[in-house]
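A.B. asks: For reference, the structure I am asking about is given below.
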Amino acid sequence: MAKTIIISNRLPVQLQIDNGSISAIPSVGGLATGMKSVHSEGESLWIGWSGLTEEEIPEDLEDDIDAALAEHGSSKVKLTAEEVDGFYYGFSNRTIWPLFHYFLEYSEFELASWETYKAVNQKFADAILEKADKDDIIWVHDYQLMLVPRMVREKRPETSIGFFLHIPFPSFEIFRTLPWRAEVLSGLLGSDLIGFHTYDYERHFLSSIRRILGLEVSFNDIYLDDRIVKVDSFPMGIDYAKFSEAAKTHQSLPKKEQSELQRRLNKHKESTPDAKFLLSIDRLDYSKGIAKRLNAYEYFLNKYPQYKEKVRLIILAVPSRSNVPQYQLLKKEIDELVGRINGELATVSWTPIWYFYRSMPFENLIDLYTSCDIAWLTPIRDGMNLVAKEYIATRTDKTGVLILSEMAGSANEMNEALLINPNNFEQIADTIHRAIQMPPKEQKSRNDVLQKRLERYNVEKWANDFMRSLTDQRDKDPAYVTR
Ligand code: ADQ
């Protein structure tokens, strides 16, 4: 039976070796979270990097590691520490990530890391070629692997290959600054179908295709000599049932089974019943606008001093890419901002910001989503932003207000949220005030529409739509039909 091969930089589990014993921990992050439910159904194999470098894997444990990964339907690509450095921390996260999120000043263009990126993409392509059978469908994910489709196509011209980009595709004026822009586009064109979260990213991509490669584009089809590549937008959904069911179960838990975090949240709610919790959850990344959000929060408290001692901002930041200098600087900046704002504004009974720098178990995420009155997400750029969708899915009584940056891909589908420009502090302060004052009836009517939409267009539907479009494309391809 034909299988789907999913390829991404990281596997759905991360390996840890402790005193010779191997454990597999679920990966955090939008891609891992979203694709997990697709991967657990049907026949599929997930190929990716295990999270451990070759140097960290003792030779005698290799077979056990492969067996542990096989239990999770996964197979690893082996990378040396030097490769991880050049490919992941280098080209992926110091060139492409900042460039595609419009942080041009952070983008580094180094030939050595580009060379490593190419070599590592070839390793991923070779791993696919080794595992893929003739009729298998290949689904490549994200910006770390943009050359893989072409590399696989060269060896297996008839294979059905899809690619999905989880981050924004920038405008031509930004993308053209990349020295290897033509190679990247040509790598992606190895696919039969290229998917983006939004129509805007799709248009930006097609504009670069026309202007950099000079190819003919009609609607969302790109004409190559021997094939047509289709480009389309597929806004990624969440596993809606998982979040809403978890929230229902969570709310029916007897007090003694509640988490420590939940008890602490309850205690504060009981002591100040009219107080409001604002929540923000992100990976610690400059694209998420965390530092700006902290400054905006201070601005809000100064503009509306009546909310001092009445609101608390809970910031949960997941450690991310801490080997990249910009992330280290950002961590320092946030630590200092939280310290300064708390130091200046706190009273004996009130700490304005609760800051957690860690990954949290799923149960604690649910504690936070269900206990906070307002979710406040202010990315400066974000491909989609699944946290916004997860928050809405957990609001079982339909109360709660989502304040969302219009720069997040998810803002396109979440018009009933309060949309803000993350650079406009005046607007943000007024919007928080409006959210605090919003009558429950209005909250419920907004969330009702959002929930219905998120439930309908969930992650399973997203994956099925992508796969259906990919197989349609293959069936139209003359090379495939006459094979
Ligand atoms: P991310 O940048 O990682 O994803 P996001 O879409 O918000 O951003 O997903 C984060 C995921 O991590 C969520 O599912 C959330 O529940 C989980 N998470 C966040 N903080 C956590 C914590 N402290 N502990 C445990 N889990 C935590 C990239 C792109 C996004 C795009 C996704 C999917 O940058 O724009 O939405 O891929 O395509």
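A.B. asks: Go through the stretch 325-356 and give me each residue that's touching a Lys or Arg at 6+ places or on another chain (Cβ under 9 Å) and not in a helix (DSSP H, G or I).
C.D. replies: Across the stretch 325-356, the qualifying residues are THR347, TRP350, THR351, PRO352, ILE353, TRP354.
A.B. asks: Next up: Tell me which residues, restricted to the stretch 377-387, are near the ligand (Cβ under 10 Å from one of its atoms) and not small (Gly, Ala, Ser).
C.D. replies: Listed by number, the residues that qualify are LEU377, PRO379, ARG381, ASP382, MET384, ASN385, LEU386, VAL387.
A.B. asks: Tell me which strands (runs of 3 or more DSSP E) are completely within the stretch 202-258 and hold 1 or more residues being exposed (fewer than 14 other Cβ atoms within 10 Å of the Cβ), or say none if there are none.
C.D. replies: The strands (runs of 3 or more DSSP E) meeting that bar are 216-218, 221-223.
A.B. asks: Further, regarding this structure: If you scan the stretch 65-88, which residues turn out to be over 13 Å from GLY48 (Cα atoms) and modelled with pLDDT of 95 or more?
C.D. replies: Within the stretch 65-88, THR80, ALA81, GLU82, GLU83, ASP85, GLY86, PHE87 qualify.
A.B. asks: Taking the stretch 152-175, which residues are more than 21 Å from TYR102 (Cα to Cα) and either of a type in the set (Ser, Thr, Tyr) or surrounded by fewer than 22 Cβ atoms within 10 Å (Cβ to Cβ) (or both)?
C.D. replies: ARG153, GLU154, LYS155, ARG156, PRO157, GLU158, THR159, SER160 - these are the residues of the stretch 152-175 that are more than 21 Å from TYR102 (Cα to Cα) and either of a type in the set (Ser, Thr, Tyr) or surrounded by fewer than 22 Cβ atoms within 10 Å (Cβ to Cβ) (or both).
A.B. asks: Could you tell me which residue of the stretch 357-376 is farthest from the ligand (Cβ to nearest atom), considering only residues that are part of a strand (DSSP E or B) and under 15 Å from ARG312 (Cα atoms)?
C.D. replies: Restricting to residues being part of a strand (DSSP E or B) and under 15 Å from ARG312 (Cα atoms), the top hit is ILE374.
A.B. asks: Select the helices (runs of 4 or more DSSP H) contained entirely in the stretch 400-483, then report the ones holding at least 2 residues which are surrounded by fewer than 18 Cβ atoms within 10 Å (Cβ to Cβ) and under 26 Å from the mean Cα position of the chain (by Cα).
C.D. replies: 440-456, 459-476
A.B. asks: Filtering the stretch 315-330 down to residues that are aliphatic (A, V, I, L, M), more than 11 Å from the ligand (Cβ to nearest atom) and surrounded by 13 or more Cβ atoms within 10 Å (Cβ to Cβ), which residue is nearest to TRP350 (Cα to Cα)?
C.D. replies: Only one residue fits best here, namely LEU330.
A.B. asks: May I pose another question? Kindly evaluate LEU145 against the criterion of being out of contact with any Pro (no Cβ under 7 Å at 6 or more places or on another chain), of a type outside the set (Phe, Trp, Tyr), crowded, with 18+ Cβ neighbours inside 10 Å and closer than 20 Å to GLN473 by Cα.
C.D. replies: no
A.B. asks: Going through the stretch 410-469 one residue at a time, which ones are among the small types (Gly, Ala, Ser) and at pLDDT below 95?
C.D. replies: Selection gives ALA463 alone.
The values are calculated or read from the model by the stated rules, or taken from the named source; none is laboratory data. Nothing here was measured: the structure is a model prediction, and the numbers come from that model. Here Cβ is always computed from backbone atoms with ideal geometry, including for glycine, and neighbour counts include all displayed protein chains.
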